[in-house]
1. Assuming a ≥ b ≥ c are the square roots of the Cα gyration tensor eigenvalues, decide whether segment 175-280 counts as rounded (a/c under 1.5), prolate (otherwise, with a/b larger than b/c) or oblate.
2. For segment 93-189, what does the alpha-carbon gyration tensor say about shape, rounded, prolate or oblate, given a ≥ b ≥ c as the root eigenvalues, a/c under 1.5 as rounded, and a/b over b/c as prolate?
3. If we sort 115-122, 266-273 on the protection proxy, mean other Cβ atoms within 10 Å, highest first, what's the order?
4. Counting pairs of alpha carbon atoms under 8 Å apart in space and at least six apart in sequence, what relative contact order in percent does segment 25-168 give?
5. Using Cα pairs under 8 angstrom and six or more residues apart, how large is the relative contact order of segment 175-280, in percent?
6. Could you let me know the centre-to-centre spacing of segment 32-46 and segment 171-230, using Cα atoms, in angstrom?
7. Over 23 Å between Cα atoms: which of Lys53/Lys265; Lys222/Lys265; Lys53/Lys169; Lys95/Lys277 fall into that group?
8. Among (1) 1.32; (2) 1.14; (3) 0.96, which is the computed Rg/Rh (Cα atoms, Kirkwood Rh)?
Amino acid sequence: MLKQINSNNLQKPALSDPSQSLPIQILNPIQAAQYYQLRLYAPAPELASLVDKYWVMRWDLLDHPPFTCEVIPSAYTNLTFMPGGSRITGVTTGKYQYELTGSGTIFGVMFHPGGLRPFFGKSLSELTDSTLPGQQVFEWATDEMNSAMLNETDNERGVAHIETLLMRKQPAYDPNIQLIDRIIEMADVMDAPTVTSLCLALNLRERRVQELLREYVGVGLKWILLRSRLQRAARFAATVEKTNWTDIATELGYSDQSHFINDFKRLIGKTPSQYAKDIHLPKNE
């Protein structure tokens, strides 16, 4: 039986903790909670080194205007079954947006950083900031399969079907994926790491780390570090009512606040103050 891994589904009423871990980092989870439902499921142990989560999104906006879902970029890649066809989405280096209209469903497979590489068979740098039809990577992700998934009313049955197909051609174990997990984990837990300090902490040559990330994730270490910094800042904005951005910029390793604000706006699409205001004062209220 599939294990649902998030008991607080993204749906009405709004989440009490907007910074909770989701398969995709929702920019304004309080507002988004009023427009769609998101449920997460854990993969089978056999796929756990490659697949992070399965996710199912459902929405019904027939009596409402369209809603634009915005997510913080991450090092994860996704296979989705969605209106318009199945899709492989590589790492998106800027804010990702998807407009929800009418009613609909998306079934998604979220791969660990590097987890898609054994299935894809090529460098994931080819997928950065781009998408491919799902069938180009998974031959069973046909239009017929996509239509069936959009008509599936049972989340667990739909996810189980996708997992069964993934396991039929499960790739051989790749130790590089575990190494990538270590790199990204260190980027998240170290205190204001730099490219040099992180490579030293891992006892790895910088060239080796950069080549590995480009091949298996599709981005360089500098982007990984920037994204980790700014996700921490977004978490501060989500959980602290009054935030001292000067202190946070310093804590995150920035020498000046303007550099921090410019980076935040480039990745998130808003200044830290604008984002903090939006997440605590939803526009629909």
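1. Details: a/c = 2.37, a/b = 2.07, b/c = 1.14.
Since a/c reaches 1.5 and a/b is larger than b/c, the shape of segment 175-280 is classed as prolate.
2. Working: a/c = 1.82, a/b = 1.41, b/c = 1.29.
Prolate, since a/c reaches 1.5 and a/b exceeds b/c.
3. On the way: 115-122: 19.8, 266-273: 18.0.
Sorting 115-122, 266-273 by mean packing, highest first, produces 115-122, 266-273.
4. Values: 264 pairs, mean separation 37.0, N = 144.
That works out to 26 percent.
5. Values: 81 pairs, mean separation 24.5, N = 106.
Once divided by the residue count of segment 175-280, the mean separation gives 23 percent.
6. Rounded to whole Å, the Cα centres lie 26 Å apart.
7. Working: Lys53/Lys265 28 Å; Lys222/Lys265 17 Å; Lys53/Lys169 18 Å; Lys95/Lys277 18 Å.
As for pairs spanning more than 23 Å Cα to Cα, those are Lys53/Lys265.
8. (3)
Any read-out appearing in this document is the output of simple, stated calculations on the displayed coordinates, not a laboratory observation. Every value quoted in this text rests on a predicted model; they were computed, and no experiment measured them. Using ideal geometry, Cβ is built from the backbone for each residue, glycine included, and neighbour counts are taken over all protein chains shown.
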